[in-house]
Amino acid sequence: MLSRVANSIYWMNRYMERVENYTRFVGVNFNLALDLPPDIDEQWEPLLIATADHYLFYKYYEKPTKEDVIYFMTFDKRNPNSIISCLYLARENARTIREVISKEMWESINTFYLTMRGTSPDHFRNMDHMQSYFVDIRKNCHLFHGVVDSSITRNEAWHFGRLGRHIERADKCSRFLDVKYFTLDQDSSTSGSTLDLMLWMAVLKSVSAYNMYRQTHSALTPMNIVAFLILDKQFPRSIAYSVRQAELSLYAIAGSSPERGHSNMAEREISKLRSQLEFTEAEDIFKQGLHKFLDIFQISNNEIDSAIFDLYFGLETEEAHQKMDDKVMVQWMK
């Protein structure tokens, strides 16, 4: 497989996963707003800080109001991580490799993009409309991933796609938990309070984990929730599960398996991270500090991404991919 094709498949899936997760980030505050006491203001800035978009946001906006944050994360073309921008880049990557993806896959992503492009942000000033709109976005993302899993041969292309999807998912799951840190943990008086548990519940609901969590845990406690979202090996949106799936695909691309040992730096780094998660307990995370643990994980995850680029895409291809993204984004913003 050409590096250019593999690169496009990898990033198409990362962008589509990012689209879904940005709708989930907004869902954190939507779910929390339904349960907050009337004397507690909604907080939207933590979403920007957790996603590392706050520097760019303050370049264009003065205050993190609900309307501005939602627009910035959803419709703002100046934000390369906004839902509409990521969807556009995912579609552009799909367009350049139409010969290696299924017809249904292209139709799914193209229809999704055209539908969202034709949507006016002004129509969703009502919270109920916005919530249903974000639900529709998530359903379109699920449709895309379902089409991928049901219409693509389990070859290198499929594994590059799954690798990108789970690298992105692991990163965003860690940032969901960081929303919790930036919202309440800086105020120690809220620790263990009803408000504290409300936010934990909102995080669970926003990653579609609440029902699965309740099947395995009888009580809502920070320790159990962190263990479930980070260390659970069976829940498909947990960090441990995502890293394991990414590891299996990375080895499969080379025609090997983790049991045979690593043969390159990318495999070494991802197996090292999977092993660390496997032997970590929830008590260890809280002893180290949740925010610090997540910071270290995000750095390791980014190092794995860099090692994958060095191994399979190369500096030349990476620069070309970045130039392509920059070029299409310039055209997109005009």
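Taking other C-beta atoms within 10 Å as the exposure proxy, MET105, MET1, MET12 rank MET1, MET105, MET12 from fewest upward. Working from Cα pairs under 8 Å separated by at least six residues, relative contact order for the chain is 23 percent. If only the Cβ of Lys and Arg carry +1 and only the Cβ of Asp and Glu carry -1, the dipole of the chain around its Cα centre is close to 880 debye. Quick one: net charge of ILE137's neighbours, Cβ under 11 Å, K/R +1, D/E -1? Here the count lands on +1. Computed 3J(HN,Hα) for the stretch 228-233, one whole-Hz value per residue from the Karplus formula 6.51 cos²θ - 1.76 cosθ + 1.60 where θ = phi - 60°, is 5, 7, 9, 9, 5, 8, glycine and proline marked x. Adding -39500 (n - 2.57) for every DSSP H run of four residues or longer, then dividing by how many residues the chain holds, sets the calculated 222 nm ellipticity at -23000 deg cm²/dmol.
Bear in mind that the values in this text are calculations on the coordinates, not laboratory data. Here the structure is a predicted model, which means the values were calculated and not measured. Counting neighbours? That spans all protein chains shown, and the Cβs are built from the backbone with ideal geometry, glycine included.
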